[in-house]
Structures are given as C-alpha cells and as structure tokens.
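Enquirer: After the structure tokens below, expect a handful of questions from me.
Each value in this text was obtained by applying a stated rule to the coordinates, not by laboratory testing. Keep in mind it's a predicted model, so treat the numbers as computed, not measured. All Cβ positions, glycine included, derive from the backbone under ideal geometry; neighbour counts span all protein chains shown.
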Amino acid sequence: MIAGHLANRTQVKVKHQRFATTTGQRGENLIATLGPGTADLLISAHYDGDGAYDNASGVVGLLLLADQIRRDPLAGTITCAFFDHEEGGQEGARFYAASLQRRWPRAHVAIDGLGIGPRVVGAFNMRSLRVRCGQEWHQVECRSDASVFQDNGIPSVHCFSLPAAEADSLVLEGTAPKSWAILHSPRDHPDIIDMMALETNISDLFCFLRPLQRVDLPQRQPLLFCLPASQEHSRASIKPPVARSQCRATAVPTEGGSNGRPTWER
C-alpha cells in the first residue's frame, strides 16, 4: 500500500530495502527520494506498530507530506523513509543508517504519532525526558528511530501530536501527557484519530520543514518545543519555532551564523 501510494501520487521510484533482524525476522524499509543526489533532509515514520496513533497516523502523515512536497517542492533533496521493526530496537532505522556509509543527511525528522490533538511536539536531540506524574518525577528514555541518527551525530527531531493543553503542560511544566496511556494498549484504535487534527498536524509539519533546511542545527543540544501552528506562518516569511530546553531556557534561531545562515541561540 505504501509503495503503491508513493508511486501513484508522487511519481517517484520506491526502493525496497530488505534486511534480517537480530532475532532472524524479516524486515523491509521503503525509501523514496524526492530530488537528485544525497538527501539534505530525511523524514521517517515507522510502519510496524499495531496502533492507529502508534503509528498508522504517522505513516499516513508522511505519505501526505511526500505528496505535498512533490506539489510544493522544498529546497534540496528530501528522502521519505518508512522503517520496519522500530518496536523493539529500531532495527529498520539502524539498517538504513548503516547503508548510508556515512553519507549523512544534514537533519532527520521522525514522525511518531499524529491525529490525537492539534499540537505537534518536537523532541530535538533528546536521549531522555524528565516528566512529572502526579507528585513524582521520572526519567523517561527516548528511544525511537530519531535516536539512531542522534547516535551518529545527526540533528534529529522526534515529532508527535498531543491535545493542546497536554502539549503545553509537557513542554512548559514537564507534566506527563495523559494521552500516553493509550500507547501499546487496546485503546490505540482508529476511533481516537481526529482527521481535522491530523490535517492540522501535517500542515504544521510542512511549515516546520522549510526553515529546518536553512538553520544550522546543533548536534547535541537537547530541546523540547511545540511547533508553531501553520496559520501563524506567513508563506512568504516562515520563521523557525521558539523552543524550550528542560532547564526552561528558550532557544530561537538568530541570523549571523556560519556562512550567513541562522544559528540556534540559547
């Protein structure tokens, strides 16, 4: 289904990348490149999850993003990757990363759950996340396909949607989202997906991708932020988002970086 949609809607050739997992299971990544040469930006979603939120919604989101990029091209070359076996060790992403032979993209965006709320949260270069559950604080390990590229020094953003209040509470106060309770549970079924929220998420992600290509991204600095709503953007002048780190410091892109490109200032 994924390969057929990409071939019919984006008119790009889909590469089938087959591999064996460490436990002997078969896996297959699907890779589509929009533009010539080595990818400037890698966008991925894993398709092995059993849930609608995790991660059928992310797959749909990436398919629609690829279609949008074809109709309204971004600068440079974009690779859309659909990874297998994210659950249990990110083996599809690891196989793909090894196949690049260090011909790395300049940045990576992992889409991992959309459509349960209008806000998209980005966890940038985060190995773990300190969250509050009631009166107790817990350190939650951030293991996703984004972590594979972070391990190789590639700036990587793990994106997921939440209801607006939960997204703001997570970013500003560190409160664990109640919606996370649906992950890997029978509650993660198609009825929880709000199609209007999904469309909003995709629009916000597309607006986020444009400035991402022209910002000098730090390889190590962790940031947690909410993507600006797409209606806040002017298509003539799109600004990268304000972000927050876990120590509550803000990070905003500023002009005057190397080669005249924006840099992240904390």
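Enquirer: Given R₀ = 41 Å, FRET efficiency for Asn152-Thr175 by Cβ-Cβ distance, to 0.05?
Expert: Working: r = 31 Å, r/R0 = 0.77.
With a Förster radius of 41 Å, E is 0.85.
Enquirer: From the Cα gyration tensor of the stretch 41-85, with a ≥ b ≥ c the square roots of its eigenvalues, which class applies: rounded if a/c is under 1.5, or else prolate if a/b is larger than b/c, or else oblate?
Expert: Details: a/c = 4.04, a/b = 1.94, b/c = 2.08.
Here the stretch 41-85 falls in the oblate category.
Enquirer: Using the basic label-point model (7 angstrom from Cα toward the beta carbon), what is the His184 to Ala165 distance in nanometres?
Expert: Taking the two extended label points, one gets 2.8 nm.
Enquirer: While we're here: Please compute the length gained on full extension between Val140 and Arg71, using 0.36 nm multiplied by the number of residues separating them and subtracting their Cα-Cα distance. Write down the numbers at each step before the final one.
Expert: Details: separation 69, 0.36 × 69 = 24.84 nm, distance 3.85 nm.
Fully extending the segment from Val140 to Arg71 adds 21.0 nm.
Enquirer: In nanometres, what is the gap between the two model label sites at Asp50 and Asp191, each 7 Å from Cα along Cα-to-Cβ?
Expert: 1.8 nm
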